[in-house]
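Right, one structure below, let's go through it.
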Amino acid sequence: MHTTRYHRQIALLGSMPALIAASVAMAALPPYIVKDLGTHAGFDTKLEPGSVGTSIAAGHVVGYAVTSLEHRNFHGFRWNGAGLADMPVLAGDEHSIAFGVNAAGDAVGISYKLGELASHGVLWGAGGRVTTLGNLEPHDINSAGAIAGSMPVNGGLGTSRATKRVGNVNTDLGTLGGMSSMAFAISESNWVVGQSLLANNKTTRAFLVASGAMIDLGTHGGTHSRALDISGLSVVGIADMTGNLPRATLWTLTSAGTLSTKTNLGTLPGAINSAAHGVNSAGTIVGNSGDAAFVWSAGTMSDLNTSIDPTSGWHLTKATGIDDAGRIVGVGKHLGLQRAFVLTPRVPADLDADGAVGATDLALLLGAWGGSDPTFDLNGDGSVGAPDLAILLGAWGS
């Protein structure tokens, strides 16, 4: 018995280098590939505004970035795998911000001039057409072209009303009793979420407008809440706990458009606050906790900084959106500079983690042929061979 145990210990020690090598190889292939979207000014070395990613749908990303203009004006952008496409300002304005985008690449946002109280709503069509939306400040657009945003109240300085725009018709969605409300997102069913003041005009609450009146989505015992995104029957945002500590929150809805459940998503270790900014059709949620971007799925919140190459020079501070393919957009610091990022889930066959399966990946797999390195054993059968080659070739170009 003792001899058998001894031989097992020797065998285990002998296998340790291979286990360590496999662990190192796996660590070198993180779950996400991070892409710096840059700026309109190229490699701009000044810290602000740099660039910020605000929304993603079907791989179309929008946000805003600094330009090379004399006064460092920033313009909205649209990105779909190539460079940043400029979202032009309206005549007489200086800056633009793109807030929302749909699966076709149609984007909405604002154009404005510093010092002016009013901004101008804009729809930048995927085909290049620019449509002025008047005083509407649009924040989101769905596949049918319906828009959620806010309209200023005439004579009410600093007040606005949550608004849904279908076609050319703007509908005032009202408030929860207070003077002001704002809409931030719209679902494919034209359900709208946002925030509204209560009757005391001090307390802000997350709201939903489905087929009827605006409903209060509540808090976790604290004072304030805000709904920032909706997908299907899932609404995400921020709600205060007792003591008014803000927490990333998931509200689930019934098919009738009423509240079903409310979930506090918690925080990352060491953080005291969190906020959920985006959700996709699978119920995967992204946001920030403290100064770190997170992804939440199946009850677990994870720091996205642990899911990218640790030598990349990135610190991801906030994830703002996620599409149905699991691609995540947000903002962070890359080599100390504020930059918009896109995270793409790594395809297992993308062995060099460059975002595409191609010749380099093939060379790496052939170099590992006949071995058992789990990095290259794509089908998990314990050896690198023909089935793994078939998987790689099936993913070629993705």
Give the range 347-398 a look and list any residue that's under 23 Å from Arg327 (Cα atoms), charged (D, E, K, R) and not in a loop (DSSP other than H, G, I, E, B), or say none. Asp361
Among the residues of the range 199-248, which ones are over 19 Å from the mean Cα position of the chain (by Cα), outside any loop (DSSP other than H, G, I, E, B) and basic (Lys, Arg)? Arg205
Options Ala325, Ala293; residue that is hydrophobic (A, V, I, L, M, F, W, C) and in a strand (DSSP E or B): Ala293
Which residues, counting only those in the range 127-156, are in contact with a Leu (Cβ under 8 Å, 6 or more places away or on another chain) and touching a residue at least 12 places away in the same chain (Cβ under 8 Å)? Val130, Thr132, Leu133, Pro138, Ile141, Ile147, Gly149, Ser150, Met151
In the range 269-289, the residues that are part of a loop (DSSP other than H, G, I, E, B), under 17 Å from the mean Cα position of the chain (by Cα) and either crowded, with 16+ Cβ neighbours inside 10 Å or outside the structural domain of Gly100 (by TED's automatic domain parsing) (or both): Asn280, Gly283, Thr284
Evaluate the range 358-370: report whether one residue or more is among the β-branched types (Val, Ile, Thr) and surrounded by 15 or more Cβ atoms within 10 Å (Cβ to Cβ). no
Test result for Val236, in contact with a His (Cβ under 8 Å, 6 or more places away or on another chain) and surrounded by 24 or more Cβ atoms within 10 Å (Cβ to Cβ): yes
Residue check: is Ala353 within 14 Å of the chain's Cα centre (by Cα) and aliphatic (A, V, I, L, M)? no
Which count do you get for residues in the range 297-319 that are over 18 Å from Val34 (Cα atoms) and either in the same structural domain as Gly355 (by TED's automatic domain parsing) or not small (Gly, Ala, Ser) (or both)? 2
Total residues in the range 189-229, condition touching a residue at least 60 places away in the same chain (Cβ under 8 Å) and charged (D, E, K, R): 1
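Scanning for something among the β-branched types (Val, Ile, Thr), assigned to a loop (DSSP other than H, G, I, E, B) and in the same structural domain as Ala185 (by TED's automatic domain parsing), does the range 63-84 turn up at least one residue? Steps first, answer last, please.
Applying the first criterion (among the β-branched types (Val, Ile, Thr)) to the range 63-84 yields 66-67.
Right, trim to assigned to a loop (DSSP other than H, G, I, E, B) and you get 67.
Subsequent filtering for residues that are in the same structural domain as Ala185 (by TED's automatic domain parsing) retains 67.
Yes - at least one qualifying residue is present in the range 63-84.
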Residue, farthest from the chain's Cα centre (by Cα), within the range 67-83, restricted to residues that are at pLDDT 95 or above and closer than 12 Å to Ile97 by Cα: His75
Under 9 Å between Cβ atoms, which residue pairs at least 6 apart in sequence (or on different chains) link something in the range 251-274 that is on the phi > 0 side of the Ramachandran plot with a partner that is exposed (fewer than 14 other Cβ atoms within 10 Å of the Cβ)? Gly257/Ser211; Gly257/Gly212
Kindly evaluate Ser160 against the criterion of being modelled with pLDDT of 95 or more, more than 25 Å from Ile56 (Cβ to Cβ), buried (at least 23 other Cβ atoms within 10 Å of the Cβ) and not hydrophobic (A, V, I, L, M, F, W, C). no
For the structure I just gave you, tell me whether Val166 is touching a residue at least 24 places away in the same chain (Cβ under 8 Å) and over 20 Å from the mean Cα position of the chain (by Cα). yes
Does the range 375-383 contain at least one residue that is in contact with a Ser or Thr (Cβ under 7 Å, 6 or more places away or on another chain), farther than 30 Å from His315 by Cβ and either assigned by TED's automatic domain parsing to the domain that holds Val286 or not small (Gly, Ala, Ser) (or both)? yes
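The values are calculated or read from the model by the stated rules, or taken from the named source; none is laboratory data. Please read these numbers as outputs of a predicted model, since none were measured by experiment. Cβ sites come from the backbone with ideal geometry, for glycine too, and all protein chains shown count toward neighbours.
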